[in-house]
Every structure is written in structure tokens, then in C-alpha cells.
1. Taking the simple approach of a point 7 Å from Cα along Cα-to-Cβ for both Asp593 and Leu292, what is their distance in nm?
2. So, in nm, how far is label Met865 from label Asp623 when the simple model puts each one 7 Å beyond its Cα toward the Cβ?
3. Which order do you get for Tyr294, Tyr558 if you rank them by accessible area with a 1.4 Å probe, largest at the top?
4. Between Met686 and Tyr759, what is the label-to-label distance in nm when each label sits 7 Å out along the Cα-to-Cβ direction?
5. Let me have the 222 nm mean residue ellipticity of the chain computed from DSSP H runs of 4+ only, each contributing -39500 (n - 2.57), with the sum over all residues rounded to the nearest 500.
6. Taking a cut-off of 22 Å between Cα atoms, list the lysines near Lys649, but don't count ones fewer than 8 places away on the same chain.
7. What's the FRET efficiency of Leu611 with Asp672 using the Cβ-Cβ distance as r and R₀ = 30 Å, to the nearest 0.05?
8. Rounded to the nearest percent, how much of the accessible area of the chain (1.4 Å probe, protein heavy atoms only) is carbon and sulfur?
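The values are calculated or read from the model by the stated rules, or taken from the named source; none is laboratory data. Quick caveat, the model's predicted, so the values are computed rather than measured. Quick reminder, even Gly has a Cβ in these numbers, built from the backbone with ideal geometry, and neighbours come from all protein chains shown. Calculation scope for accessible area: heavy atoms of the full protein, side chains included, ligands and nucleic acids excluded. Shrake-Rupley method; radii C 1.70, N 1.55, O 1.52, S 1.80 Å.
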Amino acid sequence: MPRLLLISIASFLAVAALAPKTSAARLPLLADSGKLTSTSLAADEWRWAFAQHNIGNMNLVVSNFGLWGFGWHEWRDYFTGEAVREGSEYPKNSLVYQLQSAQFWIGGRLGRDTLVSVSFDYNVFLEFELNPAPAPFGEMDTRPLGDPSTSGYQEGVSNQDYIALYTDTVVLYQNAIDFLRGTPHIPLNVLVSQKSYAWSNAFADDFVLFDMNIKNIGAETINDLYFGILSRPSVGVVVGDNHTFDYDHGSIGGFIEGVPSHLGCDIIDTVNMMWGANNDGDPIDGAFTDELVYDPNYSQEWIKSAPDAHAIFFLDYPGKRQHQDKNLSYNWWTPFRETSLDYGPRHREDYRDFMTGGTGWPLGDANRYHVMSNGEIDYDILHSIRVGYDDPVWLPPPAEIAQMASTEGLPGPFTLLSLGPFELPAGASVNLPLAFVCAEDFHVDPANGNNLPGDLDLFYANLNFTNLLENCSWARWIYDNPGIDSDGDDYAGEFVVCDGDTIYYTGDGIPDWRGAVPPPAPRVRVEPVANGLRVRFNGSRSETEKDTFSGEVDFEGYRVYCGRDERVSSFALAATYDRRNYDKYVLKATDNDLQWVIYDPPFLRDSLRCLYGSGADPCADADFDPLSFTPSSPYVHADFVDSAFYFKKHDYNASIFEVNTPIRKVYPDEPDPVIYHADSIPPEAMTDDGYLRYYEYEVVIGDLLPTVPYWVNVTAFDYGDARIKVKPLESAVSVGAVSAYPLGTSDMAADGDGNVYVYPNPYRGDADYRDNGFEGRLQEDRPDYRVREIHFRNLPPRCTIYVYSLDGDLVRKLDHDMDPADPNSSHDSWNMITRNTQMVVSGLYYWVVEAEDGSTQMGKLVIIM
């Protein structure tokens, strides 16, 4: 095996260890980029940080200096403190990595200089040209969608957003001398904003999207700027006590411009992606296996199949909608530094002497920039064997490289996808979104490697690009939703009319950064009742808004949750309602067998009765039961194209109010508002607070402890879309939750129907209130004496509470002023701190409640500490 140029991991980690241990604390992002100047930092002034996207079906490490897809057991996630060794693991927890690493290159012309700034220079140890800005501005940030525990979560894009800022003006070390120029690193003066997004939904859990913004923070225009992604595919298992890295996995890859869409209808998807995979999927004993297999003859002793693949591509670029052509280049070269094996595909007409003795490694900024901007689309790695000395376009590879690349692949080849040029005046910026996409089952024939190198056409025919290309389509659709007119100019993207249906296959060119979303949550109000809570909610929006992708109203039902605090894990399902509908499974013939598939959204029972009922009037068939048809006894009718099918409940079909669900309609006789014109809904069809009465529901949650608060919420969920792998989506239970004490309303006190009382009375310091969950929930960081509470109940919504000692001295005054509609308007609490900010002592006390009208109530309180 030729010598590989690999990073010295141990030395590399020694440098990484200079960064301080990270924590969950986050600091503000850079607001004034003009303060950045070219400077050299001491080790204690810079802040490397790493974060792991792990919410989907992959573990992907990103950083705040442009390196990604690379992890190590000694690194810690900036937000969780956990190890980030799974640099590019896919599928998640499989121990199979897709990349050795990936990074960003930025090149351009600044005055007379041709410059390229890279995240990490593989040629010179400790040369990092993109680095986080000086603390606190270079710290990473997170703002996942729907997670109120994070600052700015309303601005979140995905289920896991990570944000980093770095620049090429901050120099950590000056070890490298440019190979051609003979000087240290010269910055382009750019500030990079890196936002990376990951989703947990089944249709979007196989990729991470990046939103890259490059800003010129210098005084001069950057001409002909190019942006590149340099990746090193190395697809295979990584095992060992410390996840020992083995980069000897033979990897293959190439470039795909356009392919027939998985949507059919003669649609051609322009993908322009570079892809990478293991050379044969590493079959074991003639089969692909998900299990680790012990093999003492192997260098790592443990082996496993790696049949999956990945792709990297640009989602968009400025000017694309205006059909402004840009230079897209795909280049690869070998990982070997020996001159005889240093090879990368090169056009004969555009040959540039790198002055290295080889044609692969582009040492120096000018050589790197040439590769980034050459406009070449290199042939696939496996095709090396086909490029001979008489090839009119390409310089031939060395025979040893051609044989290796076309048989076993290359161990960690360099692959570079780059795009440009862009003009960047001082203060201007350019956005370049991109995607890292993975897919399972790329290799499906364990014997396919036997076709290499002799029968490349058969080898490619046996590869399964379908899953990879479908996942790439989902990545593009989330970035720019097809069929959505985002800017109101009456253009919603490219479409075709196929079998009578209008099918959009692109967006309108305006970024949406939005995946399929659940229906909007209903408006929730909570009213305390004796030992319970009345939950009232209105689903006007939940039941009428259309899904982003399908354009259909896909509302399915509601779920009512109740918990002792607002943590998601604390909520328990108290009630549910879902429509009475059924999935229709149709028998489909495939190449190998028959299978039941879903082609349509769920059907309501009445719809199915009219379609498939018996008699002269099928809609009147009272005996029709969809569940009477099964896979072994399906519905068969000669008049239908889909001649055999059966039905299953889509959910629980808990749809009969107050019968199989405790939820009830507040106005059961209210007509469906579809009978009204949107501009002429009569006032009697609306609630007092302006919502349609037809969508008003309520449920009572009973048997609750009257002396502790509960959190309540109602979510809405849709029926998903099994046709495109979208599972039912539900609004977030933690967003908009309402807390209340189940002790009746303030109206009882105001009307004289309830007397004010205090609890616990007596208050005992030895009663373990905290251990029993009555005090200090979600306040684990506070000592016992800071979470003590005495509660006042049945208060008027507006009153003043006085606590006096036995001698008549005022201990504490509390102003209680709440909206009567607030479910907690009849409750308040005292933290047992005196007006002199001292802890209260044991003794007998008096309390007085004075209402707005001057009426008072009084009682005694005993505290035993």
C-alpha cells in the first residue's frame, strides 16, 4: 500500500485541547463585523467549538472554523458536553462513517493577489486559515425550531439549528509559507456565517443543510470569488476503544448532472452533485450485514458492511433564477504525495504545471484557485481505467492508480465541488446554501464488486441511486418549497401536467427553509374547576390550513395533554380525538413480488361507503364496513383499475364526541361555516372572542390534586403522507402550554362563594415538600430555602395580601393583580421571605386579604421550621 498523507490525530488533538472546555452557555453572535482586523491570537484568545447534528438519522459534527464531518472522542459538544466522535456516521449508531472530513475553501482575487483561504491545510500541520472571531463573538449558537428553552427559538429553521461565525483575518499560527508565493497566509478579509440545519422527520432525517454567507469585511472588492467544498469520502466502519480511524476504506465517487425524477412524468432533476460510496459495500460472506463481525485477519479485527452513500451539492446561487450561468467545477485527486502517484484528472487543453511533479495536489493559493475555477467536471473515480494515453481530453493516470481506483477505489480521495465567480464589493455578501445528503442501500448486490474493473456498465447498472436522488429532492424542496409563491409574483416554480394533475417539481427560487409542518395548534384556554381543569380550545386554523407540500387540508385530530411541569417528558395524554378515516392499501406488482402500497390520503368512512358500498345507492349501504376487507380477503371489483385493496384505521378513529373520546363540541348544532362566504359570516356564528363557534371544543380533566399547579396543552396533528414517507406531524406540546391550579375560579371568591384559605397550614420544614414534588420543580439549582412557598387560594382577581406577626408587625405585603380570565387569577403564593429580605422564622402569623371594594378576610398561619 502506498504511503498515505493522513492527519497526525494525536498532534492534532494536542492543539484542539488548547481550546477551553465548552459548556451550554452561549454568547451573542457578532454584531459589528467591522471590528475584525487581521490579527494573530494567543491560544487562550480563540475558541474552537464543535456541535453534533444527531436529531435525525445521522451523526454529523460541525465546527466554528469550517471543518465538518470529522470527530474525535476527546472533543466535546459545545451545547451538551458529550463526546463528538461520530464525525459523519450514517446511519446513526451504525459505526459506519461517510467522510474522513470535509471543509470549505474560499478563493478570489484581491488587487493583484490570487488568494484562497481554507479551513485546514492538509499540507502543513497546524495551519488553520479560517478561525472563530475573538471571544465572545466566535462562540456557537443554537436556536432549534419549537424549543422555547433556547433563545430566539421563534427564528429557528429546523429541529436542530447550529450557527457559527469565523473569518480568515484571525490567524492562530503562521506556520505555512505559500508554496508559490513564498509568504505566510494573506487573508481575503471575509467573514463567514455558517448555519446548519437538521430535522427529525422521516422525510428529512437523512441530510443536513448549510446556509453559508460570505461577507467582504475588507476595504477592497474581492473579484471572481469562488466557494468550494473539499470532502474526503471514506465510507466504512470505524471501531476501536477510542473509535480508531481506518481510512483504508476503498471509496468511489463521481458527479451527476441531471437524472429522471422519482416523480416520473418525464421530469428531469438537475442535481449537479458529487457523490461518494464504498467501492462494493463491504459484503461479508457474500451478504451485507448490519452486525459487527470479528475478523482477526483484518487490521481493526471488527468489520461490518457499508452499503450506503452520500452526496454534496449546492442548493442555489445568486442569479440562478435569472439564468445567470456560473462556473461549476468537480475535481478529485489522490491522497498520495509520492510524485508518481500524485494524480488528479486534468484537461490537456487547460494544463497548468503545479510545480509539484504531480497533477493532483494543488499546493499554494494560485494552484488551489486554478482548480476551484477551472470549470472541469472530472470523470468518475472508477472510470480511471478507461482513460488511456491516447485520450484526446484527459491526461492519463499512472497505471497503478488506474488499476486501484477502478477496482478497490481510493482510500480517502480529495473531492472538490466549487462554484463562482462572484463579485464582492466591500461590505457585500453572497449566500451559497448547500446540502450533505445520505441514503441507505446504495449497494444492493453483494457480488457487484466482481464486475470491477472489467464491466463498469454492469456495475453502475447494479447501483441503487434511487434513494439518494429522492433524498436530494427532499433537501431541495425544504430549501425552496415546490408550488409555493413565496414573494407573491404569481410564479410558484416549474411544473408539468401529468395524468390530469399539476405537479410542481421546483420552487419559485425564493428560499423557504421549511419542511412539512403540522397543523397550527388550536387556541387553548383553561378554567379551574373543583379538583379539575376545564380545557377549552378552538381549532379554526388547525382544521382549515393547507399543508405546505401537498396543498391539502390534512388535519387529523387533537391530543390533550396534562403534566406537573412544562417539560415535554412530564406531559401525559389526557384525551384524544381523530377523524374516522381509513388508509387504502392497493395491491401492486413489482419486479420480484406483490406488495400493498398507499396511493391516496386517508378516506372518510362516508366517502368509502359511496365508492365501494353495495346496492343501487351505495351511499345508503348501512352494512358497509371498511374493516371487513383484509389482505387475505380484499375488495375486488372489475370496474376499478386498482382491482384489489383493503382498508385499515388510520389512527384510533376516536371520533364520537363524549362516547369514545371525552372531548365534546361546545356548540354541537352549529352549522359548518363552509355555508358562509368569508366576508359575510354572521355574528352569531362567532364566539365572544372572535372565533368560529363550529370549531369550539372542551374537555374536563378531573381527579387532580387541588394544591399543586398543572400544565395543560392541546396539540393538532395531521395524517402524514405515507406516499412520500412523511409520518403524521404534531404541533409542539411544550409551546403555548397553560398552567393552572384545579381549585375553582376567582368568580367564586368575588361572588362570596368561596372563602380565602392558605396551604400548607401549618407549614412544616420537615415535611419533605420538595422531595414529594410540591416545591422546587425544575429548580434543582436552588437550595431548599429558596423554593419554599405558602399558597393563597380563592382570591379575588385584584386584592392585597398582608402577613402580620402575632405582635401586629407587617411581615410581607403582596399585591395580587391579575386578569379575571387568567386561570390562576384566584391563586397567589408567598416565598416566605420577609419585607426585609430575610427568611421567615417559626411562629404564629395572621394574614389579611383586602379586595378592591374594601371587603376583607382574615385567618391564621402557623410556620414550624
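1. 3.1 nm
2. Simple spin-label model gives 8.0 nm for this pair.
3. Ranking Tyr294, Tyr558 by accessible area, largest first, yields Tyr294, Tyr558.
4. My value for the distance between the label points is 4.1 nm.
5. Calculated at 222 nm, the ellipticity per residue is -2000 deg cm²/dmol.
6. Here the lysines satisfying the reach criterion relative to Lys649 are Lys584, Lys588, Lys725, Lys727.
7. 0.85
8. Of all accessible area on the chain, carbon and sulfur atoms account for 48 percent.
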